[in-house]
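Encoded as C-alpha cells, the structure appears first; notes follow it.
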Amino acid sequence: MNEYKTLLVPGSCFDIEYSLRLGYAFESEHLKNGLACVSQFLKKLEKEKTAIR
C-alpha cells in the first residue's frame with residue numbers, strides 16, 4: 001500500500017475464498033490508475049520470483 005498507494009483486501013474477509021476484493025467509489029479513472037498500480041506490483045513480484053530462482 002505504501003509504495004503503490006493501492007490496497008487489495010482478501011476475499012476471505014467477505015467469505016469469498018481464493019479471491020481479492022476490489023472496491024472504489026470514485027471516477028473510473030481512479031479505478032484504471034489503481035489497476036495499473038496493481039499490475040506494476042504484480043510485475044515486480046514476478047521479477048523478484050524469477051531473481052530468486
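Structural remarks
- Summing charges over all other residues whose Cβ lies under 14 Å from the Cβ of Pro10, with Lys and Arg as +1 and Asp and Glu as -1, gives -1.
- Using the 1.4 Å probe convention, the accessible area of the chain works out to 92 Å² per residue with neighbouring protein chains retained.
- Equivalent ellipsoid semi-axes, the chain, via Cα gyration tensor eigenvalues times 5, rooted, Å: 22, 17, 8
- Using alpha-carbon coordinates, inclination of helix 28-52 to the longest axis of the chain, degrees: 20 degrees
- Relative contact order %, the chain, counting alpha carbon pairs below 8 Å whose residues are six or more apart: 29 percent
- Sulfur and carbon atoms: percent of accessible area, the chain [1.4 Å]: 59 percent
- Under 5 Å from the amide H of Arg21 lie the amide H atoms of Val9, Gly11, each residue being 5 or more positions distant or on a separate chain, with H modelled from the backbone and absent for Pro and chain starts.
- Inter-probe distance in nm under a simple model that places probes 7 Å from Cα toward Cβ, at Leu42 and Met1: 2.1 nm
- Only aspartates and glutamates eight or more places from Lys47 in sequence, or on another chain, were considered; those with a Cα closer than 20 Å are Glu3.
The values are calculated or read from the model by the stated rules, or taken from the named source; none is laboratory data. The structure presented is a predicted model; accordingly, all values stated were derived computationally and were not measured. When we count neighbours, we look across all protein chains shown, and the Cβ atoms used for this are built from the backbone with ideal geometry, even at glycine. Remember, those area values only see protein heavy atoms, side chains included, never the ligands or the DNA or RNA. Shrake-Rupley method; radii C 1.70, N 1.55, O 1.52, S 1.80 Å.
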